[in-house]
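Data first, discussion second: the structure below is written as structure tokens.
The values are calculated or read from the model by the stated rules, or taken from the named source; none is laboratory data. Remember, it's a predicted structure, so these values are computed and weren't measured experimentally. Glycine also receives a Cβ, built like all others from the backbone with ideal geometry; neighbour counts cover every protein chain displayed.
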2 protein chains.
Amino acid sequence: MLEDHPMDGERIQQDVSFCRRYLLRVANGDGRGTVIPFPGSSTYANEAVIQTCVPRNGKLLIHSNGAYGDRLMEICVAMGQPYKLVRTPPTQPASMWELRQALMSDPTITHMMVIHCETSSGIINPVEDMAELCQETDKGLLIDAVSSFGVLELDMQQLGFEAIVLGSNKCLEGPPGLAWVIADERKLVNRKGNARSLSLDIWDQWQYLERSGCFRFTPPTHVVAAVAQALREHEKEGGRKARLDRYQRNRRRLVDGMRVMGFETLLPDNIAAPIVATFLQPEGPRYDFMHLCNGMARRGFHIFPGRLAVPNTLRIGCIGALNESKMDAAIATIGDLLEEMGITMPERSRSTADSCGP
Amino acid sequence: MLEDHPMDGERIQQDVSFCRRYLLRVANGDGRGTVIPFPGSSTYANEAVIQTCVPRNGKLLIHSNGAYGDRLMEICVAMGQPYKLVRTPPTQPASMWELRQALMSDPTITHMMVIHCETSSGIINPVEDMAELCQETDKGLLIDAVSSFGVLELDMQQLGFEAIVLGSNKCLEGPPGLAWVIADERKLVNRKGNARSLSLDIWDQWQYLERSGCFRFTPPTHVVAAVAQALREHEKEGGRKARLDRYQRNRRRLVDGMRVMGFETLLPDNIAAPIVATFLQPEGPRYDFMHLCNGMARRGFHIFPGRLAVPNTLRIGCIGALNESKMDAAIATIGDLLEEMGITMPERSRSTADSCGP
């Protein structure tokens, strides 16, 4: 008995139903896709997509240029799922030539999976080209869109992907604890009994949801409510394009400011997502990364020191409830902390800095 | 960059560390057990325990007398994990004679798993006897303590279980979205690489946590903070015994009041947990379960109509931020709704009602 409980069954069903409709619309998936909520971290949902969509005797071609791509391989290793890994360096997007070669040389490959925006560096992989290759060769395309969905375009009608995975806590600006899968219904319907796990079976979660309107297992009620609110705010802001625009302005301000102070970006602007910017760290003995991290945290700017694609880099996020004046404040703080460490970086004039693209 | 974000890394590490210490203390597991947070629903954690602890060529003896016991079987079916199921009717606790027979007749059985309190009826299974049997026959004991932990006793030193699974959202009164596993370190240390899933690998989550203090994958930060607060409140209330006492008083008040109105409980009091009380529904055409459910919801009392062990029963929870006056209000509401439906139930005098046990 849940007396005075804010989350009665009807409310959560309405929230889930709204989220499913809204996310499908953002993906341009009406009439083709279905949206399935998946509690837990996005890694669970990535594994669930592999468990459910890749036949047990199928093979998954994985592209990786960072920590999150490598994790897809770790999932396959744990599952005993046959896979083939194609790596490119952290500063290079997926090579279409290499992926085509891999597909051609191994006809047992049934699916391809890629990270849309590899958060460990911020690099964007060319999902449009990959979708074309998959359509041409009749392979299923799976995309980890955890840190891109809601900002970068992922059009289901155009890309024809089999499934994508979204997180609630990146560009959708909700709390963590609930991921989502958008899957092609015509393909998912054939995946009954393929997963080697009850918990990680997307098909089963989907069917139960369609039948009953409920999750199979107790949902993270409070997170669901918060994510529904976050999506209403995404809609209110003007949807995907408006949010992309704000994040691009955030990144432009950040990168321009950091370049003025002498920092260089790891990636050229044309392959960098407006999600996170990665900078090369200053050289020399005076620079102390943890001093910078802790100093920023003391002033309310939290950066995550782990999961880096390239050692000695510094990642600063551009997403969340941030705007250009917040980016200015972060830049000023970094400037102060460099001064504290006694570091003078070679100044680059604003005019010679690369212009900062999406 | 998480500017002004309430959940910085240090805070969540402190919360997780407090929760782990506190839960271990409640289980009397100091020096023997380790506590591992596991995001998602408790079913995920149950599967993770099976994935991690039961060897691939081992066999799991499952006892079931309800929906949650049956789900353990569904997990094994999905995984392809060899198992043997021993069922007792929903109104009968596990039969030690049958479990012993099952163990004796199949030496390939390595582990036994049972639901401590089967929430679909509220029945308590005799984990103490099962622990004795497992110790005698050298089998690993796994317990789903999702709806009992924090109230019913589960003493690690005494029971010697290999692992138990807790939910945050039952007797611990936190929000859903985070389960916990308490495992015997000396056994868990040998389970590296046993899980056939990356996400559901308890060993890996444990090792990563010990090494770094962090979750392997993005934790449900807000849920973690709320659960830590819920545990502080559990401690403040006086711990397990004080909460057991309050829930017992809740159930006693509820069952006494319902009996006065003529309801009968599904279970005799000596095998019923003070978590949820199950009543036989009134007979006759005037009784309408959904009328009762909806009428209660309108007055702020939410009961869950699904997941019943026995058809035509009515379950009312006794857990959460409830006390005896709330139970009185619920009983009065049920009385009003019966009157609305024009139902007069045979009155049983309080003196002839069974006394309400633990």
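Some notes on this structure:
- For the range A:277-285, the criterion of a residue being farther than 30 Å from A:R71 by Cα, of a type in the set (A, V, I, L, M, F, W, C) and either assigned to a loop (DSSP other than H, G, I, E, B) or at pLDDT 90 or above (or both) is satisfied by no position.
- Residue within the range A:33-51 that is out of contact with any Leu (no Cβ under 6 Å at 6 or more places or on another chain), assigned to a loop (DSSP other than H, G, I, E, B) and more than 14 Å from every other protein chain (Cβ to nearest Cβ) present: no
- Residue that is farthest from B:V227 (Cα to Cα), among those in the range B:123-181 that are acidic (D, E) and surrounded by 22 or more Cβ atoms within 10 Å (Cβ to Cβ): B:E162
- Subset tally (residues that are within 14 Å of chain A (Cβ to nearest Cβ) and either in a helix (DSSP H, G or I) or within 24 Å of B:C134 (Cα to Cα) (or both)) for the range B:182-200: 4
- Leading residue by the ranking (nearest to the other protein chains (Cβ to nearest Cβ)) among those in the range A:52-100 that are among the charged types (D, E, K, R) and more than 27 Å from A:N190 (Cβ to Cβ): A:D70
- Among the residues of the range B:206-218, the one identified as at the interface with chain A (Cβ under 7 Å from one of its Cβ atoms) and either of a type outside the set (S, T, N, Q) or touching a residue at least 24 places away in the same chain (Cβ under 8 Å) (or both) is B:F217.
- Within the range B:107-122, restricting attention to residues that are closer than 22 Å to B:L280 by Cα and either touching a Leu at 6+ places or on another chain (Cβ under 7 Å) or among the hydrophobic types (A, V, I, L, M, F, W, C) (or both), the residue that is surrounded by the fewest Cβ atoms within 10 Å (Cβ to Cβ) is B:S120.
- For the range B:197-225, filtered to residues that are crowded, with 21+ Cβ neighbours inside 10 Å and small (G, A, S), the residue that is farthest from B:C19 (Cα to Cα) is B:S197.
- Listed by first and then second residue, the pairs linking a residue in the range B:145-173 that is under 14 Å from B:T43 (Cβ atoms) to a residue that is among the small types (G, A, S) and assigned to a helix (DSSP H, G or I), with Cβ atoms under 7 Å apart and 6 or more places separating them unless they lie on different chains, are B:V146/B:S42; B:V165/B:S42; B:V165/B:A45; B:G167/B:S42; B:S168/B:A230.
- Here A:K236 clears all of (1) within 14 Å of another protein chain (Cβ to nearest Cβ); (2) modelled with pLDDT of 95 or more except the condition numbered (1).
- Options A:E136, A:E74: the member that is under 25 Å from A:G167 (Cα atoms) and either in contact with a strand residue (DSSP E or B) (Cβ under 8 Å, 6 or more places away or on another chain) or among the acidic types (D, E) (or both): A:E74
- Selection status of A:E237, touching a strand residue (DSSP E or B) at 6+ places or on another chain (Cβ under 7 Å) and more than 30 Å from B:S120 (Cα to Cα): no
- Any hit, the range A:16-28, residues being without any contact (Cβ under 8 Å) to a residue 60 or more places away in the chain, surrounded by fewer than 16 Cβ atoms within 10 Å (Cβ to Cβ) and of a type in the set (D, E, K, R): yes
- Test for A:M290: is it over 28 Å from B:G213 (Cβ atoms), within 14 Å of chain B (Cβ to nearest Cβ) and at pLDDT 90 or above: no
- Residue within the range B:253-272 that is under 26 Å from B:A230 (Cα atoms), touching a residue at least 60 places away in the same chain (Cβ under 8 Å), of a type in the set (V, I, T) and buried (at least 21 other Cβ atoms within 10 Å of the Cβ) present: no
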